[in-house]
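Colleague: Got a structure for you, questions after.
The values are calculated or read from the model by the stated rules, or taken from the named source; none is laboratory data. Predicted model only: the values in this text are computed from it and were never measured. Glycine gets a Cβ as well: all are built from the backbone with ideal geometry, and neighbour counts include every protein chain shown.
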Amino acid sequence: MPTATVTGLFELRVHNRNQGVGRRSLAMLLAVATLLLLAPLAQAQPLAQELQRLMNSARLGDTRLGIIIIDADTSEVLASHNEGDAFIPASNMKLLTSGAALAILGPDFTFRTELLHAGDALIVRGSGDPAFADPRLLRDMQLGVEEIIQTWTRAAADAGVTGITELILDDRIFDDDWVHPSWPVEQLNRWYCAEVYGLNFHANVLSVYVSPTRPGMSPTVRTQPEAPWLNIGNIARTVTDGQNTIWVSRAAGTNSMRLHGNVRQTAERPIEVAVHDMPGIFGRLLAEELERAGVGRPSVRRAAPDEMLPQGKPIALVQTPMRVVMERCNTDSHNLYAEALIKRMGHELTGRPGSWSTGAAAIRMVMQEKLNPRHAADVVIADGSGMSRQNRVTPQMIAQWLLALARDEEIRTALEESLPIPAESGTLRRRFGDTELRHTLRAKTGYLSGVTSLSGYLWDENSGRRIVFSILVNEVPSTMPMRRVRDFQEQVVSIADQWLARATLAEVVNGE
């Protein structure tokens, strides 16, 4: 039977994150040497004193700060504050998840979603791939979600498959706990709280596009993917003044949705609503397309927990390389990607359906191998993305984790390439725009209400000398502008950058 293979579908261009902010020549270094030699070369002012000065002037009130800066070459702690205290990490949790995934699954790991033919049935076998028909990746490749479904349908028709009566969805690689119990119930309609399945599709969200009509009338609504049987109650109104205030609610555990707010103009971006049972939605969409193509009129069902399915003959395949998953996880801080990684690690560890608990055990196992065992004992791992407020880490543990990962060149390269570029990409696109850094920075941000975090690497492109840092901030008052706290984080990175410049210059002058 002929096989249609859709490989590399989500292999997007990967930014060359190894490019620094510019290579400085030896002449440039020596040109400023006379200024820096007026004080001890590597310590024009001790970094700890600089940090204390920043904290004294930051006007952060009762905000809890946890900070550590380490010289990766010597493992010396250059400056610290409350580095051993436990903090909610927010999305800095993704550093643990993605780093452990590189250690357990490997940088060359590939997620696979397969369409198989067995008798009068077609089987869709998921591997937990979070990128399968991800709307962001589809936009980047100028593809529509319908094209994915049509490609699979054509593959079945071209293979001569007919008389299909059943479409079986095999998502048993993960357990049936699709929503973490500690995620905020009032936010389960948001894309960042999407349910987690062994068969993910379209990032498990419905893209809702809204356009105005006549003033006072309901706006028009269309969705991607098109699923007319998913009803969205429309209580929004078209207006002529003000801004768009539209949003979509969804009752937890259902697909009962409502469109709220005012629509003045067509929105540039869709509203992405996390839906319930996306595998079932995908199955119905695929079954309808199979029927239109004359392949059959299949009913759709999930594979039973202990059901022995036939191996089947391959019809179509979508593969997603680890680097794409890592980039969406860390550059874009997409929660579904981190949750898919933690559950997939749980499956690799146990051979059973991956869960949050087995995934947490897998992360803890890697931490015990790479760190002091007490760090693994101190960490509290609730989920993979940091959406849960039950997660707990210490700045010292995060920094030591980054330090340990940096010792493995293959893992270090993959991790660094997955992190955003300041003032250019991902969650750092609007950060460090007014901060002139001399060295290459790659860091992971994190945000929850009252929480902001920033941890990562800072290194010299010429010498390779490196700093690791972690800045965790909790209990930010609701009255305090979060911009003030983020400015403080950027200032901490800036003084670390200045220290690294002095230390690098000292090595050059001393001929080290």
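Colleague: Please go through the range 473-487 and pick out each residue that is part of a helix (DSSP H, G or I), surrounded by 13 or more Cβ atoms within 10 Å (Cβ to Cβ) and of a type outside the set (A, V, I, L, M). Even if it seems obvious, please write down each step before you answer.
Modeller: Looking only at the range 473-487, we keep the residues that are part of a helix (DSSP H, G or I), and these are 482-487.
With surrounded by 13 or more Cβ atoms within 10 Å (Cβ to Cβ) added as a condition, the list becomes 482, 484-487.
Once the filter is applied, which keeps residues that are part of a helix (DSSP H, G or I), surrounded by 13 or more Cβ atoms within 10 Å (Cβ to Cβ) and of a type outside the set (A, V, I, L, M), the range 473-487 yields Arg484, Arg486, Asp487.
Colleague: A further question on this structure: Checking Phe432 against (1) surrounded by fewer than 23 Cβ atoms within 10 Å (Cβ to Cβ); (2) in a strand (DSSP E or B), which test does it fail?
Modeller: Unmet for Phe432, out of (1) surrounded by fewer than 23 Cβ atoms within 10 Å (Cβ to Cβ); (2) in a strand (DSSP E or B): (2).
Colleague: Which of the following residues is touching a strand residue (DSSP E or B) at 6+ places or on another chain (Cβ under 6 Å) and either surrounded by fewer than 18 Cβ atoms within 10 Å (Cβ to Cβ) or in a helix (DSSP H, G or I) (or both): Leu341, Leu403, Leu349, Leu336? Full working, then the answer.
Modeller: Values: Leu341 fails: touching a strand residue (DSSP E or B) at 6+ places or on another chain (Cβ under 6 Å); Leu349 fails: touching a strand residue (DSSP E or B) at 6+ places or on another chain (Cβ under 6 Å); Leu336 fails: touching a strand residue (DSSP E or B) at 6+ places or on another chain (Cβ under 6 Å).
Going through Leu341, Leu403, Leu349, Leu336 in turn, just one is touching a strand residue (DSSP E or B) at 6+ places or on another chain (Cβ under 6 Å) and either surrounded by fewer than 18 Cβ atoms within 10 Å (Cβ to Cβ) or in a helix (DSSP H, G or I) (or both): Leu403.
Colleague: Say we look at the range 213-259 and pick out the residues that are free of Cβ contacts under 8 Å to residues at least 40 places away in the same chain and among the basic types (Lys, Arg); which of these is surrounded by the most Cβ atoms within 10 Å (Cβ to Cβ)?
Modeller: So the residue we want is Arg237.
Colleague: Restricting to the range 113-152, name every residue that is in contact with a Gly (Cβ under 7 Å, 6 or more places away or on another chain) and assigned to a loop (DSSP other than H, G, I, E, B).
Modeller: Residues satisfying the conditions are Asp120, Gly126, Gly128.
Colleague: I've got another one for you. So if I check each of Leu102, Leu54, Leu65, Leu78, which one is touching a residue at least 60 places away in the same chain (Cβ under 8 Å), assigned by TED's automatic domain parsing to the domain that holds Leu472 and not in a strand (DSSP E or B)? Walk me through how you get there before you give the answer.
Modeller: Details: Leu102 fails: assigned by TED's automatic domain parsing to the domain that holds Leu472; Leu65 fails: not in a strand (DSSP E or B); Leu78 fails: not in a strand (DSSP E or B).
Of the residues listed, the single one that is touching a residue at least 60 places away in the same chain (Cβ under 8 Å), assigned by TED's automatic domain parsing to the domain that holds Leu472 and not in a strand (DSSP E or B) is Leu54.
Colleague: Evaluate the range 192-199: report whether one residue or more is part of a loop (DSSP other than H, G, I, E, B), crowded, with 19+ Cβ neighbours inside 10 Å, of a type in the set (Phe, Trp, Tyr) and on the phi < 0 side of the Ramachandran plot. Give the steps one after another, and end with the answer.
Modeller: Step one: filter the range 192-199 for residues part of a loop (DSSP other than H, G, I, E, B), giving 194-199.
If we keep only those that are crowded, with 19+ Cβ neighbours inside 10 Å too, we end up with 194-199.
Imposing the further condition that a residue be of a type in the set (Phe, Trp, Tyr) reduces the set to 197.
Applying the additional criterion that residues be on the phi < 0 side of the Ramachandran plot yields 197.
Checked against the condition, which is being part of a loop (DSSP other than H, G, I, E, B), crowded, with 19+ Cβ neighbours inside 10 Å, of a type in the set (Phe, Trp, Tyr) and on the phi < 0 side of the Ramachandran plot, the range 192-199 yields at least one hit.
Colleague: Ok, one more. Taking only the range 269-302 into account, find how many residues are without any contact (Cβ under 8 Å) to a residue 24 or more places away in the chain and touching a strand residue (DSSP E or B) at 6+ places or on another chain (Cβ under 8 Å).
Modeller: The number of residues fulfilling the criteria is 1.
Colleague: Name the residue, out of Ser463, Ser385, Ser470, Ser455, that is crowded, with 23+ Cβ neighbours inside 10 Å and part of a loop (DSSP other than H, G, I, E, B).
Modeller: Details: Ser463 fails: crowded, with 23+ Cβ neighbours inside 10 Å; Ser470 fails: part of a loop (DSSP other than H, G, I, E, B); Ser455 fails: part of a loop (DSSP other than H, G, I, E, B).
Being crowded, with 23+ Cβ neighbours inside 10 Å and part of a loop (DSSP other than H, G, I, E, B) holds for just one of Ser463, Ser385, Ser470, Ser455, which is Ser385.
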